[in-house]
Amino acid sequence: MTIRTPALKSRLPNVGTTIFTVMSALATEKGAVNLGQGFPDFEGDPRLVDAVTQAMKSGLNQYPPMTGVPALREAVAKKNQAIYGHTYDANTEITITAGATQAILTIILAIVHPGDEVIVLEPCYDSYVPNIELAGGVVVRVPLTPGTFRPDFGKIAAAITPKTRAILINSPHNPSGMVWTKEEMLQLQELLDPTDILVISDEVYEHMVFDGKQHESAARFPALAARSFIVSSFGKTYHVTGWKVGYVAAPAPLSAEFRKVHQFNVFTVNTPVQHGLAAYMADPKPYLELPAFYQRKRDLFREGLKKTRFKMLPGQGTYFQCVDISAVSDLNEADFCKWLTSEIGVAAIPLSAFYGNGFDQKVVRFCFAKKDETLNTALERLAQL
Ligand SMILES: Cc1ncc(COP(=O)(O)O)c(C=O)c1O
């Protein structure tokens with residue numbers, strides 16, 4: 001008998017260690033300020049932690065219903081009604097997930113048949129492409145306009161074929177911080193009208209839109225909402241990214257298919273966290289105040305960046321700020337980020353990491369979801385540039 005682990009034929013042969021892991025490891029090794037990975041370095045609201053603790057202590061620790069704790073689904077429905085004016089039925093149209101990442105994979109597994117095409121707008125969040133590949137789908141990459149990151153409807157229209165099953169959109173947008181306008185959402189709605197294309201609308205940064213603008217959720221547009229899976233994440237909204245709880249809102253027939261896969265994927269999601277979130281969501285203030293909270297950090301960070309030779313891109317939403325590095329360095333984005341981490345002590349992420357072909361436009365992304373002192377330390381270091 002030989003002791004032997006059989007060789008595997010990878011289902012994701014092109015996936016290796018991501019730049020996020022590489023940069024975080026380098027940041028730790030070099031003692032750099034980590035503005036690379038997108039998560040806060042401060043705590044969430046203690047009232048939320050108390051609400052979860054209370055749920056756990058009161059014995060709410062067994063499997064909840066497959067679709068999520070009813071009170072949390074109702075709280076999500078109420079929020080969508082209040083801010084986007086769209087009524088989702090809490091029983092049949094909202095499902096609690098283990099974060100947005102699980103939600104997106106589950107949606108894709110539920111709707112994409114082998115050979116179906118799915119349009120992604122690059123640069124895009126790194127899980128989309130492997131998710132489509134796992135479902136046997138064909139990834140159709142359409143670039144957002146370089147420089148502005150606005151959707152190019154000519155290019156999107158040209159990418160649509162009879163095999164197009166879905167389009168994945170993300171506003172507010174990671175990594176660029178760009179926010180879709182009402183006109184753009186209407187254009188998408190119009191473009192899809194004669195088709196059966198579904199929309200996966202990744203809205204995890206829905207409560208981070210600045211300068212008095214509103215988030216144009218797909219839920220605001222009835223014909224889009226009727227064909228959309230809307231994904232959000234409590235982790236982003238409540239500064240608890242490690243809790244990995246989110247939700248999917250979609251019309252009942254779409255939710256029914258989603259739930260078939262969800263049931264055999266995770267089945268259910270952490271019970272006490274759901275109860276805690278439900279209680280906490282009774283007060284809308286935390287998410288209503290989030291734009292002002294992050295806008296102040298954005299402004300602090302942008303003010304400091306003015307003292308560097310980076311050229312700032314607009315920061316309309318999310319907790320990311322992109323900068324053009326051309327005036328500072330001749331290095332490509334990835335090498336620049338490694339250099340910046342090692343030599344200057346600030347970690348950033350190259351935008352090329354969000355493109356399949358590694359497209360390099362000399363732009364890197366910083367995350368400003370950090371304590372003011374962390375941002376100030378990073379800015380002092382960047383001021384040398
Ligand atoms: C655009 C986008 N979608 C989805 C996610 C994943 O969210 P979650 O942590 O809830 O899985 C992230 C997290 O960085 C993101 O930036």
_I'm checking my understanding of the structure. Among residues of region 122-164 that are of a type in the set (Lys, Arg) and within 21 Å of the chain's Cα centre (by Cα), which one is farthest from residue 313 (Cα to Cα)?_
141
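Residue-by-condition table, conditions (1) open to solvent by less than 50 Å² (accessible area, probe 1.4 Å); (2) assigned to a helix (DSSP H, G or I):
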| site | (1), (2) |
| --- | --- |
| 286 | yes, yes |
| 293 | no, yes |
| 302 | no, yes |
| 321 | yes, no |
| 327 | no, no |
| 366 | yes, no |
| 369 | yes, no |
| 379 | yes, yes |
*Residue list for region 364-385, restricted to those being hydrophobic (A, V, I, L, M, F, W, C) and at pLDDT below 95*: 383, 385
_Matching residues in region 99-118 - criterion: being within 16 Å of the ligand (Cβ to nearest atom) and open to solvent by less than 30 Å² (accessible area, probe 1.4 Å)_ = 99, 100, 102, 103, 104, 106, 107, 108, 118
*Could you list, in sequence order, the residues of region 216-243 that are small (Gly, Ala, Ser), within 14 Å of the ligand (Cβ to nearest atom) and crowded, with 21+ Cβ neighbours inside 10 Å?*
232, 233, 235
*Pick out the one residue from 308, 374 that is of a type outside the set (D, E, K, R), out of contact with any helix residue (DSSP H, G or I) (no Cβ under 8 Å at 6 or more places or on another chain) and farther than 30 Å from residue 55 by Cα.*
374
_Conditions (1) more than 14 Å from the ligand (Cβ to nearest atom); (2) under 22 Å from residue 63 (Cβ atoms); number of the one not met by residue 254_ = (2)
*Go through the residues of region 333-343 one by one and say whether even a single one is part of a loop (DSSP other than H, G, I, E, B) and either touching a His at 6+ places or on another chain (Cβ under 6 Å) or not small (Gly, Ala, Ser) (or both).*
no
*Of all residues in region 195-215 being of a type in the set (D, E, K, R) and within 16 Å of the ligand (Cβ to nearest atom), which is nearest to residue 294 (Cα to Cα)?*
206
*Mind counting the residues in region 193-210 that are in contact with a helix residue (DSSP H, G or I) (Cβ under 7 Å, 6 or more places away or on another chain) and either in a loop (DSSP other than H, G, I, E, B) or basic (Lys, Arg) (or both)?*
6
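The values are calculated or read from the model by the stated rules, or taken from the named source; none is laboratory data. In this text the structure is predicted, and so the values were computed from the model without any measurement. So basically every Cβ, Gly included, is an ideal-geometry build from the backbone, and we count neighbours across all protein chains shown. For accessibility, only protein heavy atoms count, side chains too; no ligands or nucleic acids. Shrake-Rupley method; radii C 1.70, N 1.55, O 1.52, S 1.80 Å.
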